[in-house]
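Asks: Let me begin by handing over the structure; questions about it come next.
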């Protein structure tokens with residue numbers, strides 16, 4: 001009987017010890033599963049991605065809207081001073097807005113990697129120069145009729161876009177590749193501008 005009582009105490013002690021082990025494992029698993037849950041707090045990853053999308057939309061929209069407004073105000077003059085058909089102007093307007101949109105996307109990608117702050121001379125200044133040349137082209141050529149000044153503007157735009165492609169490419173290779181169509185558009189715009197002489 002003493003042996004049986006001893007066996008019962010031992011069995012209960014082992015079972016109680018197992019319950020502690022099972023309880024500890026469950027607590028550890030619960031802690032691990034709590035750490036892997038996605039964080040939907042304002043400062044979490046969800047908030048950062050929403051801010052990133054907002055900044056992307058703002059950057060691309062602002063550049064495209066400024067370019068479209070430049071063409072709108074240039075075309076609102078009473079008498080056009082340039083020898084260009086309406087279809088040519090429409091194609092140039094659409095191409096300019098598209099090129100500026102893609103270049104703004106490339107600039108945003110470089111900004112997201114920290115390149116505009118780390119290397120402003122190689123990224124921010126050429127982008128600002130390219131955008132200002134793109135905004136100045138339509139009023140110069142379509143409103144004032146200064147086709148020669150438009151050619152100089154196209155040359156500056158191509159040089160600035162090439163510098164953007166080089167600067168953005170050093171920060172993010174995809175952003176550098178996205179800036180290359182801006183160079184091609186500036187050259188194509190120069191050809192169209194030359195035909196307006």
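The values are calculated or read from the model by the stated rules, or taken from the named source; none is laboratory data. Note that the coordinates shown come from a computational prediction; the quantities given were computed from them, not determined experimentally. For neighbour counting, all protein chains shown are included, and Cβ atoms are generated from backbone atoms with ideal geometry for every residue, glycine included.
Asks: Given the condition closer than 24 Å to residue 51 by Cα, touching a helix residue (DSSP H, G or I) at 6+ places or on another chain (Cβ under 7 Å) and free of Cβ contacts under 8 Å to residues at least 60 places away in the same chain, answer yes or no: does some residue in the stretch 160-168 qualify?
Replies: Checked the stretch 160-168: no residue is closer than 24 Å to residue 51 by Cα, touching a helix residue (DSSP H, G or I) at 6+ places or on another chain (Cβ under 7 Å) and free of Cβ contacts under 8 Å to residues at least 60 places away in the same chain.
Asks: Can I ask one more? Please go through the stretch 137-152 and give me each residue that is in a helix (DSSP H, G or I) and either touching a residue at least 24 places away in the same chain (Cβ under 8 Å) or not assigned by TED's automatic domain parsing to the domain that holds residue 172 (or both), ordered by number.
Replies: Answer for the stretch 137-152, where residues must be in a helix (DSSP H, G or I) and either touching a residue at least 24 places away in the same chain (Cβ under 8 Å) or not assigned by TED's automatic domain parsing to the domain that holds residue 172 (or both): 137, 138, 139, 141, 142, 143, 147, 148, 150, 151.
Asks: In addition: Look at residue 158 and say whether it is over 23 Å from residue 73 (Cβ atoms), more than 16 Å from the chain's Cα centre (by Cα), at pLDDT 95 or above and in the same structural domain as residue 55 (by TED's automatic domain parsing).
Replies: Against the criterion (over 23 Å from residue 73 (Cβ atoms), more than 16 Å from the chain's Cα centre (by Cα), at pLDDT 95 or above and in the same structural domain as residue 55 (by TED's automatic domain parsing)), residue 158 qualifies.
Asks: Here's another thing I want to ask about it. Please verify whether the stretch 109-125 includes one or more residues that are in contact (Cβ under 8 Å) with a residue 12 or more places away in the chain, assigned to a helix (DSSP H, G or I) and closer than 17 Å to residue 66 by Cα.
Replies: no
Asks: Kindly indicate the residue of the stretch 161-197 that is outside any helix (DSSP H, G or I) and closer than 30 Å to residue 87 by Cα and also farthest from the chain's Cα centre (by Cα) among those meeting that condition.
Replies: 197
Asks: Let me ask another. Output the residues belonging to the stretch 140-155 that are within 16 Å of residue 93 (Cβ to Cβ) and either at pLDDT 95 or above or within 18 Å of the chain's Cα centre (by Cα) (or both).
Replies: Residues satisfying the conditions are 150, 153, 154.
Asks: In this structure, is residue 180 modelled with pLDDT of 95 or more and over 18 Å from residue 62 (Cβ atoms)?
Replies: Against the criterion (modelled with pLDDT of 95 or more and over 18 Å from residue 62 (Cβ atoms)), residue 180 qualifies.
Asks: Name the one entry in 107, 122 that is at pLDDT below 95 and touching a helix residue (DSSP H, G or I) at 6+ places or on another chain (Cβ under 6 Å).
Replies: Matching residue, one of 107, 122: 122.
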